[in-house]
Amino acid sequence: MLRLPTFTYLQPTSIDEALKMKQDAGPDGMYVAGGTDLYPNMKRRHQEPKTVISLSGLDDLHHVTINPAEGTAIGAGTTLSEIETHGALAQRYPVVTQATKLIATPLLRNMGTIGGNLCLDTRCNYYNQSYEWRKSIDFCMKKDGEICWVAPSSPRCWAVSSTDLAPVMVALDAQFTLIGTNGERQVPAGRFYNDDGIEYLTKRPEEILADVRLPAANGWDATYWKLRRRGSFDFPVLGVAAWVEWDGDTVRDARVVLGGVASFPKLIAAASEAIVGTDLNDDAIASAAQAAFKPAKPMDNTDFGLAWRKEMTRNYVKGALEELRNRHRKA
Amino acid sequence: MENSPNRPAGKVPISLIVNGEHTEIAFAPHKTLLEVLREDLGLTGTKHGCELGECGTCAVLMDGQPVLSCLVLGVACSGRSISTVEGMADGPTLHPLQKAFADLGAAQCGYCTPGLLLTAEALLLDNPSPTRQAIKEALAGNLCRCTGYIKIYEAVELAAAWMRGESAEPAREILYGQR
Amino acid sequence: MASGNGDALRVIGRPHRKVDAVDKVTGQTKFADDLYLPQMLYCKILRSPHPHARITSIDTSTAKELPGVKGVLVGRDIPIAFGILPVSQDEHALAPDKVRFIGDPVAAVAAISEEIATETLDRIHVEYEQLDAIASIEQALANPEPRIHDYGDSGNLHKLVSLEFGDVEEGFEQAYLVREDLFFYGGSTHLPMEQHAALASYSADHKLTLWSSTQTPHYVQRALAKVLEMPASRIRVIACPNGGGFGGKSDPFSHEIVVAKFAMMTGRPVKITLTREEVFYCHRGRHPTLMWAKTGVTKDGHITAMHFRTALDGGGYGSYGVASTYYTGALQTVTYQVDRYKFQGMRAFTNKPPCGPKRGHGTPQPRFALEVQMDKLAEQLGMDPADMRLRHLVPENSLTANYLRVGSIGLGACIEKVVDGSQWRDRFRKLPEGRGVGLACSSYLSGAGLPIYWNNMPHSGVQLKCDRGGGITVFCGSTDIGQGSDSILAYIVAEVLGVDPFEIRIVTADTDLTPVDLGSYASRVTLMSGNAALQAAERARDMIAPEVAQKLDVPRDRLVFADSRVFDSEDPERGMTFAEAVQAAEGALGTIGTVGSYTPPKSPGRYRGAGVGPSPAYSYSAAVAEVEVDIDSGIVRVLKIWIGHDIGRCINPTTVMGQVEGSIYMGLGEALMEDMEYRENFHVVHKIPSMLEYKSPTTLDMCEVETYLISDPDPNGPFGAKEAGQGPLLPVAPAVANAVYDAVGVRIDEVPIMPEKVRKALKQKASGKEARYGPTSFPDIPWPEPIHVPTPWEGGDGKALQHEETTTGPPPERQH
């Protein structure tokens, strides 16, 4: 049986206490929420905190607050199941419900939190392996080694952002609330992520992601398309989040964000530009799809071949935008 | 605290409810609920297939919700109510799901069965009349290599009918195949 | 063989729970890892980080000193080789001098906790001298050196087989149409939900007990006796119920020997439970197989000649590989008549986890090739592929070109059922673009005709005890791996002795308590242990009946055993309880116990290699798959499979359904998504040794299944029963491939049918090139001169022609 290494487990009851504990633990301390990302990583010795600080006892992180005019705040400790079964959320933010239902499995969604999914460690099939496996080919730079096995001449790590909700949040331009020892700050989702497989979050290590603030649900529509081999369990090898703001039958603003193709959720500005000002006709969608296809650079470190994954970017962007158009035309 | 795996840290006592019974137990803090159930409480009905959250075999109910016991720390279960397969039957009377699984051969090797039974139990508490699609979605986190899931769906449907108070019997095709 | 009690069957053919069902749904079944003994130690194994290397030194001194460590073992501590086949004794519990794949066991630790044992592995220092690794069939052919093993037919070619039945060239000349096609069937693994586990205990009086998740306790006992140099009489192997096997727990394994050795060293019980990753390294799964098939047919689709070549990627050890190689050429002839047949097979050693017997053992690969080629031939001939097959079925009670004796064959009925059920005639080649249906058939053994090591003893034995309380206990070495073999024993004995199957106690898979059954492989258990149980039960009835007849003053032949009574069929009131009947018999004869055994009929083939393929009875299946193919992505969704399975007779139709549906599931995984991938240019490391990345279909990926069970009792099966656990897997992949062609007009001659491959083929089609994805060449292989065997219809007698050299091998029986 694969077991956890020993560590000190702390269960703070307030955010302040948690921050204090993290400060005391230093770089060897890590927060845990649902544990569905951290514990497997600890069992395979990718992440080796000496102190694990549980955020699951913090009631402040556990809420869904809907304000029709200003938007909605979802506490980072809200489980994915709570989100997918939240009626008012589904009514106002169906894209969040839809993307949440596509994460992992029902059992994992009962445990995992939205905060955990947004902070999900980047993934790579040279990294998400046991200690012995990684030792056999020699460790990579993301953990214990010097090299990136996906691109051995690369100075950086190419592990893949594999969260389903991050592209959605970037597309929605959600704001994340971070609480640190210096107080609270708001960061737009798009600036929460770094294009680096190791330093994939811009958040300071001691900062706690407290909540996610969604913009008021009016005048826009969004969808999320996920590509993977199986109907459940699998992380995305491609995620497409598309958001459009309608002005009558014309797209006033748009964002197309790709997940699973880089170390961060990648906003494709050219794709957005291709559809703004159009009625999302086939030509506009085709140029957006082409614009997304070009910069998508999947690497050989997830399921499926990279050429096919790249090709699918075009299909999935096209499909997602067509869905938005068809829904608008029906309404 | 000494952190070498060679020197397991001291045991932590917690109290929790296991299959309806108040239970006091002490164990090393790095142990998962799976390990505590199997090794410290002797409840080996909970199985494991990967210990990484990738198969669903070790599912138990925590406060009525199915979770993967391989990814829950034992110490995080303080004050919680845990249900395992050992607690499903009412004395010698099988739970309707257990009876239906037995009657239809939905348990072949039986290794994924405890996790599937508990996941299905949670589904039926939430939705007494699930469609076939709802069953598939609810069980999408439990792998089974023997059955192709079909006898499992049929057993969940049969048990659901019994639990609704209907005197259902399996269709002939389920027992004998198509004519 | 005779049935039970008059014409009306009371137990057989009806749905029942399995006898272990309640234990399984209540969590009471004790799998190997569920066992804990006082003072038990935990074992972990250090495995090779290199695909091919010589071990130059091992330093265990630091490891041994760690507190809590009770023992460390290395290769030289257990120097004797073992292996499942007598011809491939090439494995060691721990590699003594050389490692052959990443994951090959090198050293082992026993400690007071699993945590300590795990940590200690890092304190064992092994120095290696790396050798060039062989990653593929092509590399094995191109690089005879360095040799992975110092035995085998040449270089890194483990086994070469060449057999010719009749003159195939002449057969091709007679054909109206000859096709040559290339196919590749990718590797897959069993992925039982239960990870292998074993617990050993050694008593002060020098007796060893091993509990293990094994499908073959008898062979594990043999391997332990050999390696530990102990008489088998002091070794007790108990196979725990297996949490899934599928062939993956059929070899004796390193970890079983290591815990036994540790138990002997320390005097304490020692347990090991493999991690999921280690289960991938045990493997013994489907051989990746490259195939070339040349088939000639007449205008109406009769096969005048078939020449089949296979190249198997065997991995680092022999395992069942010699048998697997023969199996890729054995069963081509048992479905449609083949006038002349030539088979050439090669198994290469490569530096990967060893391949072996996975559900269907060596036959799904050639079946895929054959059934897809049939589809192509039918199209070229302008025939409906169902009709073409129906027209040329092997007749019942006949001999094939390669001397397999076909008894019952219900394949025609299977085809008709699925053709009707799927509305084939209205839909084949008539569905809109993107939708398609495909048909394929198959056959599989109900047990192998010959044992793994040559002997003339039974393949299965049963002891049966009737006690004066009316209790019956059945003892049999068979192992329940979830397929329900314990229940089969109960149903059969219950039928004969007229009692409730759930009143019978079943004791199985314990080498101390139960007579030998060779194991749960080759779909042999229902037929073989079933026949042994039938014989034992009939003998018990024959002991009891005369005494009852005398007591009741009723002629013996009027007695009926039913409803836990023995009574006069003409006056049912006149009778006694079964317990009273046993008492009557015991009073007259003493203790009532019987034995039954089963040995398969002799096979007519007498040529070298004739040992693989014969079976007392062949099961048959036909399947229609309906698919949806997304042209833009190449993603294939299997919507539904209709399957007809010729079961002979169902002992329990519900458990047969379960076997059929489970086979479809596993076949679907192989057809669409499961793939043992290695980074071939990168250390030959297993790319994805995890449940997450090795893609086993979920509830949301499984198709609908409609099952038709065809009854056509076979005289060799107990009550006419044949196998159900493997055959129905075989038609899935070719039916899906044929359906993809029907849907979008591209041939995917390679399994798994991944979207990338379909997309590539679609692009080729769009650009006017060959609308196909698959291998494009078959390597040059130094085939030996074929063994020529005249076919039965040429007057052959099953022997090779006299001028063949016959001195290089053991007698035919040993070539299993």
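Per residue, the convex hull spanned by the Cα atoms of chain B amounts to 122 cubic angstrom. Note on residue C:207: lysines with a C-alpha under 29 Å away, same-chain residues under 8 apart excluded, are C:30, C:44, C:64, C:70, C:226, C:249, C:261, C:271, C:465. For the peptide C:242-252, the mean number of other protein chain Cβ atoms found within 10 angstrom of a residue's Cβ is 3. Antiparallel DSSP bridges in the protein assembly as shown: what percent, to the nearest 5? Close to 75 percent. Roughly how many Å is it from the Cα centre of the range C:268-346 to that of the range C:484-532, as a whole number? That distance is 30 Å.
The dipole here belongs to the protein assembly as shown: it is taken about the Cα centre, uses +1 on the Cβ of Lys and Arg and -1 on the Cβ of Asp and Glu, and is about 1000 debye. For the range C:739-778, what log10 I(q)/I(0) values come out of the Debye formula at q = 0.34 1/Å, with one point per alpha carbon and no solvent? For the requested q values the scattering log ratios are -1.23.
With 5 Å bins beginning at zero, the pair-distance distribution over Cα atoms of the range B:12-87 amounts to 4, 18, 32, 30, 13, 3, 0 %. When shorter helices are ignored and each DSSP H run of at least 4 residues is given -39500 (n - 2.57), the per-residue value for chain A at 222 nm works out to -9000 deg cm²/dmol. Let me make sure I get this right: for chain A, a, b and c are the square roots of the gyration tensor eigenvalues over alpha carbons, sorted descending. Under 1.5 in a/c it's rounded, otherwise prolate if a/b > b/c, else oblate. Which is it? Note, shape of chain A comes out oblate.
Once the mean 1/r over all distinct Cα pairs of the range C:34-182 is inverted, what Kirkwood radius in angstroms do you read off?
On the way: mean 1/r = 0.0534 Å⁻¹.
Every distinct Cα pair counted, the radius reaches 18.7 Å.
Each 20 Å bin from zero holds the following percent of Cα-Cα pairs in chain C: 16, 47, 31, 5, 0. Computed about its Cα centre, the charge dipole of chain C is approximately 540 debye, with only Lys, Arg, Asp and Glu carrying charge at their Cβ.
Ignoring everything except DSSP H segments at least 4 long, calculate the 222 nm mean residue ellipticity for chain C; use -39,500 (n - 2.57) per segment, divide by total residues, nearest 500. Each step should come with its number before you reach the end.
Working: 19 runs with 211 residues, N = 816.
Theoretical 222 nm ellipticity from helices: -8000 deg cm²/dmol.
Just want the ordering: C:488, C:647, C:78, C:506, from fewest to most Cβ atoms lying within 10 Å of their own Cβ. Intermediate results must be reported in sequence, preceding the final value.
On the way: C:488 29, C:647 34, C:78 21, C:506 24.
By the 10 Å Cβ count, ascending: C:78, C:506, C:488, C:647.
If R₀ is 30 angstrom, what is the calculated FRET efficiency for the pair residue C:149 and residue C:77, using the beta carbon separation as r and rounding to 0.05?
Numbers: r = 22 Å, r/R0 = 0.72.
Given R0 = 30 Å and the Cβ-Cβ separation, E is 0.85.
Within a Cβ distance under 11 Å of residue C:637, other residues only, what is the Lys/Arg minus Asp/Glu net charge? Every neighbour counted, the sum reads -2.
Go ahead and run the numbers for FRET between residue A:185 and residue C:97, Cβ-Cβ distance against an R0 of 56 Å, rounding to 0.05.
Taking R0 as 56 Å, the efficiency between residue A:185 and residue C:97 is 0.35.
Using the Karplus relation 6.51 cos²θ - 1.76 cosθ + 1.60 with θ = phi - 60°, the per-residue 3J(HN,Hα) values for the range C:74-87 come to 10, x, 5, 6, 9, x, 7, 7, 9, x, 6, 9, x, 7 Hz, with x marking Gly and Pro. Given the C-alpha centroids of the range C:92-108 and the range A:101-132, what is the distance between them in whole angstrom? The two parts, judged by their Cα centres, are 33 Å apart.
With only Cα atoms counted, the range A:135-253 has Rg and Dmax values of 17.9, 59 Å. Distance between the 7 Å Cα→Cβ label points at residue A:50 and residue C:264: 4.5 nm.
With the simple model of a label 7 Å out from the Cα in the direction of the Cβ, residue A:151 to residue C:179 spans 4.5 nm.
Using C-alpha pairs below 8 Å separated by at least 6 residues, the relative contact order for chain A is 14 percent. The Cα-based radius of gyration and maximum Cα-Cα distance (Dmax) for the range B:96-176 are 11.4, 32 Å.
When A:308, A:243 are sorted by how many other C-beta atoms sit within 10 angstrom of their C-beta, beginning with the fewest, the order is A:308, A:243.
If you take the Cα atoms of the protein assembly as shown, find Rg, then find the Kirkwood Rh from the mean of 1/r over all pairs, what is Rg/Rh?
Values: Rg = 31.2 Å, Rh = 32.3 Å.
Ratio of gyration radius to Kirkwood radius: 0.97.
The mean number of Cβ atoms from other chains found within 10 Å of a Cβ in peptide C:80-93 is 0, as a whole number. A simple spin-label model places pseudo-atoms 7 Å from Cα toward Cβ; at residue C:420 and residue A:326 they are separated by 3.9 nm.
For residue A:283 and residue A:216, the difference between the fully extended length at 0.36 nm per residue and the C-alpha to C-alpha distance is 21.1 nm. Sequentially through the range C:210-227, phi angles give Karplus couplings (6.51, -1.76, 1.60; θ = phi - 60°) of 10, 9, 8, 7, 10, 8, 9, x, 4, 6, 5, 4, 4, 5, 5, 4, 5, 6 Hz, Gly and Pro residues having no value and appearing as x.
For peptide C:274-283, how many partner chain Cβ atoms fall within 10 Å of a residue's Cβ, on average? Walk me through the numbers on the way to the answer.
Numbers: counts 1, 10, 10, 8, 2, 2, 0, 0, 0, 0.
That works out to 3 on average.
What the phi angles of the range C:474-481 give under the Karplus curve with 6.51, -1.76 and 1.60, with θ = phi - 60°, is a coupling list of 10, 10, 8, x, 5, 10, 7, 10 Hz, glycine and proline written as x. Amide H contacts for residue A:140 (H built 1.01 Å from N in the peptide plane; partners 5 or more residues away or on another chain; cut-off under 5 Å): A:145.
For C:150, C:714, the sequence from fewest to most other C-beta atoms within 10 Å is C:150, C:714.
Each part gets one Cα centre, and for the range C:167-181 versus the range A:269-331 those centres are 51 Å apart.
With a cut-off of 8 Å between alpha carbons and a minimum separation of six or more residues, what is the relative contact order of chain B in percent? Worked out over chain B, it gives 19 percent.
Every number here is computed from the coordinates shown, using simple stated rules; none is lab data. Quantities reported herein were computed from a predicted structural model and do not represent experimental measurements. Here the Cβ is made from the backbone with ideal geometry for all residues, glycine too, and neighbour counts use every protein chain on show.
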